[in-house]
Amino acid sequence: MIEINEITKSYGNGDNKFQVLKGISTKICDGDFVVILGASGSGKSTFLNVMSGLERPDNGNIIYNGNDITKLSDNALTEFRRKTVAFIFQQYYLLPNMTVERNVRMGADLAGNSDYKDIIKAVGLENEMKKYPSELSGGQQQRVSVARALAKKPEVLFLDEPTGALDEQTGRQVLDYICKLQMEYKFTIVMVTHNINIAEMANTVIKMNSGKITQINTNEKQKTAYEIGW
Amino acid sequence: MRSAGDTMVIGIKDISKLIGISIIACCAVLVCTMFLNFYFDVYQIKDILSSEHERIFYNAQVSTAKVVCIVSGGCLLITSVITLLFHIKHYIDIHKKELGILKALGYSNVKIARNFWIFGISIFVGAAIGFAGAFILMPSFYKLQNKDKILPEIYIHFHVDILLYLVLLPTAAFAALSIIYACFKLKKPVINLLKDNLQAKSKTEKKMSGRITDRSFIDDLKRNTLSSRKSLVFFIMFASFCFSAMTQMSASMRDLSSTMMAGMILIIGIILACTTLFLAITTVIKGNTKTIAMMRVFGYSQKECCRSLLGCYRPVSYIGFALGTVYQYALLRIMVDIVFREIDGVPPYKFDFPVMMISLVFFIVIYEIVMYCYSEKIKKISVKEIMAE
Ligand SMILES: Nc1ncnc2c1ncn2[C@@H]1O[C@H](COP(=O)(O)OP(=O)(O)OP(=O)(O)O)[C@@H](O)[C@H]1O
Ligand SMILES: [Mg+2]
């Protein structure tokens, strides 16, 4: 359970001060699939970064299972990220001079996870284990970053436009892997996207506009990536 | 009219990063100019020497000048060449995309590489300062070399040859070297420049990483950091080598030569060691900012980041220190046994253990302070850094 209370965040100071988040509150339950939609510049990424402990808000609280992460010291916040969350970004940010296996190991070691090879298999990359990121296609690279994130067995997975750099077909495939793994490992998903179709896969859709939440919808039934057929 | 290749201008800002080369060049030229100038000037009084005593003293002076010029000049020359090549490679690595786009647009390698002549400026600046500095120090240096008035008065003359050989020619040579090396480095398919990633690893490396699979990520990153930038291993080793050799040599110089020589060697040694160390570590961090940021995102602690990136250089620096100790011992032995052999009053040279220990302690303290500063720097790398493309 993540409780978010009245978060504000601004960048710059003096005349250049620009308030990106203007008081955001919401609740996310364990095992939810939350999608955040909104126009470019509406503060989605900022919200995601603040919520996940990558950045600190100016005001407000973010409470994970009764534990307020805005009150944590830097080291404790690092420890929190280590134990609780994982990330997938639009640019995959793999380590270029390490093999696929090593990249996944970066996540696995944090959780002392020794069966990370199963996850590499689960995203269909068992034959590419010894390859370097530069030898893979975009979709394959994103699957590596999925495996890397899930190998650390997070409670919450944060994704910032994970399919933004991929074509429809490949994007759908990546999402499908993520959904399948969610069934198995039961983590919470919070995803920022521009693609309204993906929203149908979620059970909660948060719409943002200029730093505020304008609408929260809940879907009765979650669809799979193939059912929405975008 | 500007030629087409000039669209890519290597700015003054890029050149200012080469300050390390300037400093090394400055030290090299300072020392060499002083001794060479002295050598030429003392050569002129060769014919008016009368006594045997004068002759022996003269020979010793000339040999010292030669040894110092060759040893320090040679060492520093090699270092500046390696530093320069390293910087050019680094520059090309960082600006791969821009250079790739220029190539894709149809600029030839030579046209792009021509712009790299500007790297020669760093040598010029350093050499010119060193040259000027040498002339400032020269009066006291001359007095000192002949402080017992064994030789007749030696006058300072200005030798154009030295200016040519130590300042102008090196500048031209380094500018040419930059162009040639850049040309060589750019000679790869455009796509390799445009693609963010490294080219496929060599087979042996692949085999190695395949063999042992249960090494932890941190250990692997350590090995990777070391092997992916071998030039940095050299620089860090060189830094500790310089520190060790120069500080210990300086202590012996006080007995063998003079306090001024000792002070000069000490200062040059410390400056060289610190600049190289700072440059090398800065490069390690700059080159790995993304990796560090990603590790921080995933929740690796600052300690783990430091350990995996900087920790692997500690043994390297100790090896450098040991080599430096051996080097200075060998060098002084040669000087004392061969050069000063016939001169009375030069104390026999013995290895000075306490001095080595003092030098080692200072070395460890300085090294750890530098590492601490950099680990604080790593701490400041925000986890958002990775998103700033
Ligand atoms: N580090 C920063 N410093 C200053 N302003 C920033 C910074 N990061 C974001 N902003 C500003 O905050 C606003 C929201 O940025 P954010 O990245 O959250 O938008 P977004 O909704 O994710 O947009 P997009 O869909 O394009 O990714 C933008 O106007 C941006 O200019
Ligand atoms: Mg965004």
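No value in this document is a laboratory result; all are computed from the given coordinates. Here the structure is a predicted model, which means the values were calculated and not measured. Here the Cβ is made from the backbone with ideal geometry for all residues, glycine too, and neighbour counts use every protein chain on show.
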Problem set entry | Residues B:Lys230, A:Lys121, sorted so that the one with the fewest Cβ neighbours within 10 Å comes first | B:Lys230, A:Lys121
Exercise. Among the GluC sites (Glu not before Pro) within the range A:106-148, which fall in a DSSP loop and have no more than 15 other Cβ atoms within 10 Å of their own Cβ?
Worked result: A:Glu126
Exercise. Once you mark the chymotrypsin sites (Phe, Trp or Tyr not before Pro) that are in a DSSP loop and have at most 15 other Cβ atoms within 10 Å, what is the longest gap between them in chain B?
Worked result: B:159-350
Problem set entry | Degrees separating the helix A:138-151 axis from the principal Cα axis of chain A, which is the longest one | 70
Problem set entry | Rounded to 5, percent antiparallel among DSSP beta bridges of the protein assembly as shown | 50
Exercise. To one decimal place, what Kirkwood hydrodynamic radius in Å is obtained for the range B:201-389 from all pairs of distinct Cα atoms?
Worked result: 18.7
For this session: Could you work out which residue, out of A:Gly53, A:Gly138, A:Gly66, moves most in a Gaussian network model of chain A, that is, has the largest mean-square fluctuation with Cα springs under 10 Å?
Result: A:Gly66
For this session: Could you check which residue among B:Ile285, B:Ile78, B:Ile179 shows the biggest mean-square fluctuation in a GNM of chain B with a 10 Å Cα cutoff?
Result: B:Ile78
Exercise. How big is the charge dipole of the protein assembly as shown about its Cα centre, in debye rounded to the nearest 20, if each Lys and Arg gets +1 on its Cβ and each Asp and Glu gets -1 on its Cβ?
Worked result: 920
Exercise. Which of the aspartates and glutamates could a cross-linker span from A:Lys207 if the Cα-Cα distance has to be under 18 Å and same-chain partners fewer than 8 positions apart are dropped?
Worked result: A:Glu3, A:Glu6, A:Asp32, A:Asp160, A:Glu161, A:Glu220
Exercise. Which residue fluctuates the most in chain B, going by a Gaussian network model with Cα springs under 10 Å, if the choices are B:Gly311, B:Gly106, B:Gly133?
Worked result: B:Gly106
Exercise. Cα to Cα, under 22 Å, and not fewer than 8 places away if on the same chain: which lysines meet these conditions relative to B:Lys143?
Worked result: B:Lys46, B:Lys66
Problem set entry | Taking chain B and dividing mean pair separation by its residue count, relative contact order in percent (alpha carbons under 8 Å, at least six apart) | 20
For this session: Using only alpha carbon pairs under 8 Å that are at least six residues apart, calculate the relative contact order of the range B:201-389 and give it in whole percent.
Result: 33
Problem set entry | Loop trypsin sites (Lys or Arg not before Pro), the range A:153-230, which have at most 13 other Cβ atoms in a 10 Å radius of their Cβ (DSSP) | A:Lys186, A:Lys221
For this session: Output the pairs from B:Lys230/B:Lys286; B:Lys222/B:Lys286; A:Lys83/A:Lys180; B:Lys89/B:Lys185; B:Lys286/B:Lys377; B:Lys286/B:Lys379 with a Cα-Cα distance over 18 Å in this structure; if there are none, say none.
Result: A:Lys83/A:Lys180
Exercise. Taking one equal scatterer on every alpha-carbon of the range A:12-66, how large is log10 of I(q)/I(0) by Debye at q = 0.12, 0.22, 0.27 1/Å?
Worked result: -0.33, -1.03, -1.41
For this session: Give me the percent of Cα-Cα pairs in the range B:1-198 that sit more than 31 Å apart, rounded to a whole number.
Result: 36
Exercise. Dipole magnitude of chain A about its Cα centre, charges +1 at Lys/Arg Cβ and -1 at Asp/Glu Cβ only, in debye to the nearest 20?
Worked result: 200
Problem set entry | Table column - 3J(HN,Hα) (Hz), the range B:22-28, Karplus curve with 6.51, -1.76, 1.60, x for Gly and Pro | 4, 5, 4, 4, 4, 4, 4
Exercise. If you project the alpha carbons of the range A:59-110 onto the principal axes, what extent comes out on each, in Å, largest first?
Worked result: 39, 23, 18
Exercise. Within 10 Å of each Cβ of A:110-116, how many other protein chain Cβ atoms are there on average?
Worked result: 1
Seminar exercise, completed: Projected convex hull area of the range A:1-99, Cα atoms, direction-averaged, in nm², equals 8.4
Exercise. A:Val20's amide H: which non-local residues (gap 5+, or another chain) put their own amide H closer than 5 Å, with H modeled 1.01 Å from N in plane and none for Pro or chain starts?
Worked result: A:Lys9, A:Ser10, A:Tyr11
Problem set entry | For A:Asn59, distant residues with modelled amide H under 5 Å away | A:Thr8
For this session: Evaluate the relative contact order of chain A (contact order divided by residue number), counting alpha-carbon pairs under 8 angstrom at least 6 apart; express in whole percent.
Result: 27
Problem set entry | Stokes-Einstein D for the range B:29-102, Kirkwood Rh over Cα pairs, 4 °C, 1.567 mPa s (µm²/s) | 84
Seminar exercise, completed: Counting only DSSP loop positions in the range B:125-157, the trypsin sites (Lys or Arg not before Pro) whose Cβ has at most 15 other Cβ atoms within 10 Å are B:Lys147, B:Lys149
Seminar exercise, completed: Binned at 5 Å starting from 0, the alpha-carbon pair-distance distribution of the range A:2-218 in whole percents comes out as 1, 7, 15, 19, 19, 16, 12, 7, 3, 1, 0
Exercise. D for the protein assembly as shown, whole µm²/s, Stokes-Einstein with Kirkwood Rh over alpha-carbon pairs at 4 °C and 1.567 mPa s: what number?
Worked result: 46
For this session: Compute the acute angle (0 to 90°) between the alpha-carbon long axis of helix B:169-186 and the principal axis of greatest extent of the alpha-carbon atoms of chain B; round to the nearest 10°.
Result: 20
Exercise. By how many degrees, between 0 and 90 and to the nearest 10, does the Cα long axis of helix B:217-228 differ from the longest principal axis of chain B?
Worked result: 50
Seminar exercise, completed: Here the tail fraction of P(r) beyond 31 Å, over all Cα-Cα pairs of chain B, rounds in percent to 48
Seminar exercise, completed: Taking only the alpha carbons of the range B:242-306, the radius of gyration and the largest Cα-Cα distance, Dmax, both in angstrom, are 18.9, 58
